[in-house]
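Heads up, the thing below is written out as structure tokens.
The values are calculated or read from the model by the stated rules, or taken from the named source; none is laboratory data. Since the structure is predicted, the reported quantities are computational estimates derived from the model, not experimental observations. Because the Cβ atoms are built from the backbone with ideal geometry, glycine has one as well, and the counts that use them run over all protein chains shown.
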């Protein structure tokens, strides 16, 4: 008899009536075969596994994670409300103890969406994990430390951006090397802002890395770091485009490998991200992940066309990954030394491209390097759409000085902005002032 | 004239009706031999047998056979391929696994090995097994392996079922079990139909015989021979359909409570139709693909035991024998009704005797205690009813449209049937805060439900224009799909097929067909649309025969 050792909640929302465009990878058909496989395997009948209805994220929920320009309503579709709402529902089920863990098998994805949203990047408009994490922090204050392990094949530059300055959110991304794949970022030297140095860990893997390399990274880097950090909540951004059959990437993972990864990580919440091999990978990977979360036997889950010989990892890749793993673990262990020399304000400028919508953004950030709290920051953002905004983020646990600084930036922004945004996390206040 | 017979665990009820209304009703005790019980109740009706146009039976025959495992040893040959280990779902050691695998689109990637299949059959035959089920994973997408196994072995087994003909829905573990149970009860059903037919013929009844199914519809006995598993749980279906026939409203949502001795079975009617269990019904704790009504049982009935627990009055959920007023040892809600002076078959003195000590312990008068008992019982039912509605409304949806426009079921009335219905009514009205209707003839609601239920069938069509294939598992039909096939074309093919194969499905008279689900996806590979993947479910409208509504 098939049984689950853990109670696992499944939020399945395939959005069968939503697509970016009829031939876009993010299309109506994407989760159809996954649903077929999950139903045919009888996964939902396994005692302990239960399907729940998705929820709807509100504008307020989204405001905790994003400055949407010009406004939330014009940047998202209802499908985003549901996919973010599905994640929130997954978190709610776990935190209220209804289930031990949950999988938000939702679309569209979110991990390329940064704090400022002018449009869609990498098929993402809003960061569904970030919206969920901020909902969790607001509604379950006992959750202080959160780890997000992003196993999508693409670097989760959006999630990295949202938590760049956050010392309580550990973001680990394992992805195909940015020199060979969109979005071209995610190198080990991107390790977080001054007050959160080492809280972002990027592990770029060479093309054709197989389960062996991925699981090595899990065993030798991710698990030791997680054990060390002792998070209150573990999230897996479960992109499935590392699969050997994925049409837009070059990795060699299998469904069995994904299941083992989740078995090892034992996340509280899994969130589907990318993965566009909709017939050959997703049905098997998702079945494997659900079974692994539930603590059920996944050893027979296998792709019909799997040929382990064809995807065997080159020994040179194995060597490379071993070296890289050692370096990343060292980086984590010596992270105290990564903090830059203290100056009250630190600035950085970036150009951000929204590939899905063809928008360019120039961003200038001013960060207060505070020693009493994570530090307030403001983002001056001008996009090719003509919108120029200022966004101010007063972080969780802000000190009085940072709070005052944030308030005064909001009240006297200087410059000519279309609008000024304020995120006051402790007050749960998200304001927009049209100028 | 239609004759409806409901063979319950204790009573067999019969009702005879025509377009003008109920012509006769009768009741008899259910004995060991169900055929005798049928004959007895038919005899008591005292009707003109030659006027009958149809006889409908609702029986516990297959339900009991399955729950009590009273069936001949049955074999299963299963092909699965990778996925969840199918052996975890095998019910007996007569389930044998063979090579062969299909994927979700019905593409074969491991062929069947005929020699291995024959060897498995040999093993089963050596055990003296005469009934065989053949099932493969994703057979509803491509039944080739099941069909091939059946072709190889049809001469070797007297009873044979193929998984894809049970239901067009996906769910391999349920398909295995449904096929197993179906094959197992085929001989039971066959013997029963044979003796019922013989007995009816002897009486001069030549009207066609129908059976009530779990979904609240009926089908001809020829179809029941092939799919006897569909007749499981027809008891609750009979009461829901009876309530539907007797209820004066057809719009809005209403609870149905069938109050029995041990339990109260509840269901919900929405706009004149009962709600179905989405994945299929459970029998004896095993999940099947059998389409059936969504019902929930509450451990609250006329015979529920009553006790004091830490000062609080508890009613149910168990029954520990008959009510005191009927010769039992402990007080029950039926005793409370009796003690309140309601007309029941019980002995009021015995009821009072049983209740007095409890009233003493509580320091209240007996009649106050009685009202409290019945209020607690009504409250128990109310709580389960709320949970039931929540469950119905929490059903996941997969489109934004349904997410933003949820169809919330909110019952506004209740229909009470079953023995204690009339007595319970004022208490239920108070507890639920809604109008409760106890219809006339509520005592024979089940037989009436059986008599009046329409014939039903459902088929599933799946078209994959890239693979040029249309499959309709329930009709065992495969067709070539033209590359230009549209969803409208697929629906027309389905509707025509349903008409053409009505005899196979056992449906007749005045069928109305409607499409209950349709999905169409462009299949995009690279940046090209390579085909369309379309799914359609078509059913004959369930409900009550129009002749009754026209009264």
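Just to be sure before I move on: is residue B:478 closer than 30 Å to residue B:500 by Cβ and assigned to a strand (DSSP E or B) in the structure I sent?
Working: closer than 30 Å to residue B:500 by Cβ: yes; assigned to a strand (DSSP E or B): yes.
So residue B:478 fits the description; yes.
For residue B:497, are the conditions met, namely being in a helix (DSSP H, G or I) and within 24 Å of residue B:145 (Cβ to Cβ)? Steps first, answer last, please.
Details: in a helix (DSSP H, G or I): yes; within 24 Å of residue B:145 (Cβ to Cβ): yes.
Judged against the criteria, residue B:497 is a match.
Residues of segment B:504-527 being more than 14 Å from chain A (Cβ to nearest Cβ) and out of contact with any strand residue (DSSP E or B) (no Cβ under 8 Å at 6 or more places or on another chain), which ones? Break it down into steps so the answer makes sense when it comes.
In the first step, residues of segment B:504-527 are kept if they are more than 14 Å from chain A (Cβ to nearest Cβ); the result is B:504-516.
Within segment B:504-527, B:504, B:510 qualify.
Which condition breaks for residue B:425 when tested against (1) touching a residue at least 40 places away in the same chain (Cβ under 8 Å); (2) part of a helix (DSSP H, G or I); (3) farther than 30 Å from residue B:1 by Cβ?
(1)
Can you work out which of the residues in segment B:67-89 that are assigned to a loop (DSSP other than H, G, I, E, B) and surrounded by fewer than 19 Cβ atoms within 10 Å (Cβ to Cβ) is nearest to the other protein chains (Cβ to nearest Cβ)? Write out each step before concluding.
Here is the first cut: in segment B:67-89, the residues assigned to a loop (DSSP other than H, G, I, E, B) are B:68-73, B:80-85.
Among the residues that remain, those that are also surrounded by fewer than 19 Cβ atoms within 10 Å (Cβ to Cβ) are: B:68-73, B:85.
Details: B:68: 21, B:69: 17, B:70: 23, B:71: 21, B:72: 24, B:73: 21, B:85: 5 Å.
Per the criteria, the residue is B:85.
Is it fair to say residue A:273 is within 30 Å of residue A:9 (Cα to Cα), in contact (Cβ under 8 Å) with a residue 12 or more places away in the chain and away from chain B (no Cβ under 14 Å)? Lay out the reasoning, then the answer.
Numbers: within 30 Å of residue A:9 (Cα to Cα): yes; in contact (Cβ under 8 Å) with a residue 12 or more places away in the chain: yes; away from chain B (no Cβ under 14 Å): yes.
Against the criterion (within 30 Å of residue A:9 (Cα to Cα), in contact (Cβ under 8 Å) with a residue 12 or more places away in the chain and away from chain B (no Cβ under 14 Å)), residue A:273 qualifies.
What about residue A:231, is it farther than 26 Å from residue A:319 by Cβ, in contact with a strand residue (DSSP E or B) (Cβ under 7 Å, 6 or more places away or on another chain), part of a loop (DSSP other than H, G, I, E, B) and at pLDDT below 95? Steps first, please.
On the way: farther than 26 Å from residue A:319 by Cβ: yes; in contact with a strand residue (DSSP E or B) (Cβ under 7 Å, 6 or more places away or on another chain): yes; part of a loop (DSSP other than H, G, I, E, B): yes; at pLDDT below 95: no.
So residue A:231 does not fit the description; no.
Output yes when any residue across segment B:94-105 is more than 14 Å from chain A (Cβ to nearest Cβ) and over 16 Å from residue B:183 (Cβ atoms), and no when none is. Can you show your working first?
If we filter segment B:94-105 for residues that are more than 14 Å from chain A (Cβ to nearest Cβ), which is where we start, we get B:94, B:96, B:98.
If we keep only those that are over 16 Å from residue B:183 (Cβ atoms) as well, we get B:98.
The answer is yes, given that some residue of segment B:94-105 is more than 14 Å from chain A (Cβ to nearest Cβ) and over 16 Å from residue B:183 (Cβ atoms).
Residues in segment A:34-46: is at least one surrounded by 22 or more Cβ atoms within 10 Å (Cβ to Cβ), more than 30 Å from residue B:285 (Cβ to Cβ) and either assigned by TED's automatic domain parsing to the domain that holds residue A:127 or in contact with a strand residue (DSSP E or B) (Cβ under 8 Å, 6 or more places away or on another chain) (or both)?
Looking through segment A:34-46, none of the residues is surrounded by 22 or more Cβ atoms within 10 Å (Cβ to Cβ), more than 30 Å from residue B:285 (Cβ to Cβ) and either assigned by TED's automatic domain parsing to the domain that holds residue A:127 or in contact with a strand residue (DSSP E or B) (Cβ under 8 Å, 6 or more places away or on another chain) (or both).
What about residue A:219, is it surrounded by fewer than 20 Cβ atoms within 10 Å (Cβ to Cβ), on the phi < 0 side of the Ramachandran plot and not in a loop (DSSP other than H, G, I, E, B)? Even if it seems obvious, please write down each step before you answer.
Details: surrounded by fewer than 20 Cβ atoms within 10 Å (Cβ to Cβ): yes; on the phi < 0 side of the Ramachandran plot: yes; not in a loop (DSSP other than H, G, I, E, B): yes.
Spelling it out, residue A:219 is indeed surrounded by fewer than 20 Cβ atoms within 10 Å (Cβ to Cβ), on the phi < 0 side of the Ramachandran plot and not in a loop (DSSP other than H, G, I, E, B).
Provide a single number: the residues in segment B:150-181 that are within 24 Å of residue B:106 (Cα to Cα) and part of a helix (DSSP H, G or I). Break it down stepwise before answering.
Applying the first criterion (within 24 Å of residue B:106 (Cα to Cα)) to segment B:150-181 yields B:150-154, B:160-180.
Those still in the list that are part of a helix (DSSP H, G or I) too: B:150-153, B:163-165, B:172-180.
Count: 16.
Can you confirm whether segment B:532-541 contains a residue that is part of a strand (DSSP E or B), within 14 Å of chain A (Cβ to nearest Cβ) and loosely packed, with under 14 Cβ neighbours inside 10 Å?
no
Give the residues of segment A:341-358 that are surrounded by fewer than 14 Cβ atoms within 10 Å (Cβ to Cβ), on the phi < 0 side of the Ramachandran plot and in a loop (DSSP other than H, G, I, E, B), sorted by residue number.
Of everything in segment A:341-358, those that are surrounded by fewer than 14 Cβ atoms within 10 Å (Cβ to Cβ), on the phi < 0 side of the Ramachandran plot and in a loop (DSSP other than H, G, I, E, B) turn out to be A:341, A:342, A:343, A:344.
Is segment A:308-318 home to any residue that is closer than 30 Å to residue A:267 by Cα and within 14 Å of another protein chain (Cβ to nearest Cβ)?
yes
Quick one: residue B:489 ticks every box in (1) modelled with pLDDT under 90; (2) part of a helix (DSSP H, G or I) bar one, so which box is it?
For residue B:489, the exception is condition (1).
With touching a helix residue (DSSP H, G or I) at 6+ places or on another chain (Cβ under 7 Å), surrounded by 15 or more Cβ atoms within 10 Å (Cβ to Cβ) and at pLDDT below 95 as the only criterion, which of B:366, B:392 stands out? Outline the logic, then answer.
On the way: B:392 fails: touching a helix residue (DSSP H, G or I) at 6+ places or on another chain (Cβ under 7 Å).
Exactly one of B:366, B:392 is touching a helix residue (DSSP H, G or I) at 6+ places or on another chain (Cβ under 7 Å), surrounded by 15 or more Cβ atoms within 10 Å (Cβ to Cβ) and at pLDDT below 95, namely B:366.
Which helices (runs of 4 or more DSSP H) sit wholly inside segment A:1-106 and have at least 3 residues that are within 12 Å of another protein chain (Cβ to nearest Cβ) and either farther than 30 Å from residue A:433 by Cβ or in contact with a helix residue (DSSP H, G or I) (Cβ under 6 Å, 6 or more places away or on another chain) (or both)? Even if it seems obvious, please write down each step before you answer.
Numbers: elements: A:32-40, A:59-63, A:72-75, A:78-95.
In segment A:1-106, the matching helices (runs of 4 or more DSSP H) lie at A:32-40, A:78-95.
Which one of the conditions (1) within 14 Å of chain A (Cβ to nearest Cβ); (2) within 24 Å of the chain's Cα centre (by Cα) does residue B:406 fail to meet, given that it meets all the rest?
(2)
For segment B:300-406, give me every one of the helices (runs of 4 or more DSSP H) that falls completely inside it and has 2 or more residues that are within 30 Å of residue A:53 (Cβ to Cβ) and free of Cβ contacts under 8 Å to residues at least 24 places away in the same chain. Break it down stepwise before answering.
Working: elements: B:333-339, B:348-362, B:366-393, B:400-404.
In segment B:300-406, B:366-393, B:400-404 are the helices (runs of 4 or more DSSP H) which contain 2 or more residues that are within 30 Å of residue A:53 (Cβ to Cβ) and free of Cβ contacts under 8 Å to residues at least 24 places away in the same chain.
Give me the pairs: first residue in segment A:392-405 and assigned to a loop (DSSP other than H, G, I, E, B), second residue crowded, with 23+ Cβ neighbours inside 10 Å, beta-carbon distance under 6 Å, and six or more apart or on different chains, which are they?
A:395/A:374
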